[in-house]
Amino acid sequence: PSVTEQGREERPRLAPVRPSERRTSINQFLSETTRAVVSADAGAGKTTLLRYLALQLLADKSDLEAVNERFAGYVPVWVPFALWARMSEGKHRPPPLEDVVHGFIEALNERDVATSMRSALKTNRVVLLVDGLDETPDQAIADALLVSLSVFAERMGIAVFATSRPHGTRALSGIGGTWTRARLAPLSDAQRAELALLWYLIL
């Protein structure tokens, strides 16, 4: 997989896709980025990308050199943004991220894991995988959660990789911090050929 970074620099460092963009592999992206929002249209593979990252982080030895070098031994923490938004409805302030993660995992009948995740979030050896920044109709709640997420990440010094459809990234301008905007790139011609060959071999 690969992504196209947006807004990292005024001039591209590699051959540009657009004047302020460059195409890069997910491995290189992870080696250079600590906090990012990856956007793409519905069905383009945003959640699949986060699942792939989670599996790479959990592997004894990742296929991605950047994971082995930067995040060896780190714990992936899945954060469903829509759940956080629902838990925030009718409240003066959003619930802590720890409560959201604990509630999500406990609902899967994994109480011990939920407790362990709460403890893990007190360290800086976690990677937050935040799925669906656009998945709430209430923009005020979305804005408040983005601020909470940014503050938590900055305070704990942890990596965050989030996904959103393109319209959900507009609120990022107000959260501050050092966030990279990127979009999930379509497959290159070489990747399409490789995928087609793989399917033909399977069939």
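The values are calculated or read from the model by the stated rules, or taken from the named source; none is laboratory data. Small disclaimer: the values here were computed from a predicted structure and weren't measured. All Cβ positions, glycine included, derive from the backbone under ideal geometry; neighbour counts span all protein chains shown. Quick note on the areas: whole protein, heavy atoms, side chains included, nothing else; ligands and nucleic acids left out. Shrake-Rupley method; radii C 1.70, N 1.55, O 1.52, S 1.80 Å.
Scanning the range 25-42 for residues that are of a type in the set (D, E, K, R), over 14 Å from Pro186 (Cβ atoms) and open to solvent by 50 Å² or more (accessible area, probe 1.4 Å) yields a single hit, Glu32.
When Leu133, Leu128 are checked against the criterion of being within 14 Å of Ser88 (Cβ to Cβ) and surrounded by 14 or more Cβ atoms within 10 Å (Cβ to Cβ), a single residue qualifies: Leu133. Going by what's in this entry, would Arg183 be described as under 19 Å from the mean Cα position of the chain (by Cα), open to solvent by 80 Å² or more (accessible area, probe 1.4 Å) and charged (D, E, K, R)? Judged against the criteria, Arg183 is not a match. The single condition among (1) touching a residue at least 60 places away in the same chain (Cβ under 8 Å); (2) not in a helix (DSSP H, G or I) that Leu145 does not satisfy is (2).
Do you know which residues across the range 86-112 are assigned to a helix (DSSP H, G or I) and either farther than 22 Å from Val126 by Cα or touching an Asp or Glu at 6+ places or on another chain (Cβ under 6 Å) (or both)? Residues satisfying the conditions are Arg86, Met87, Ser88.
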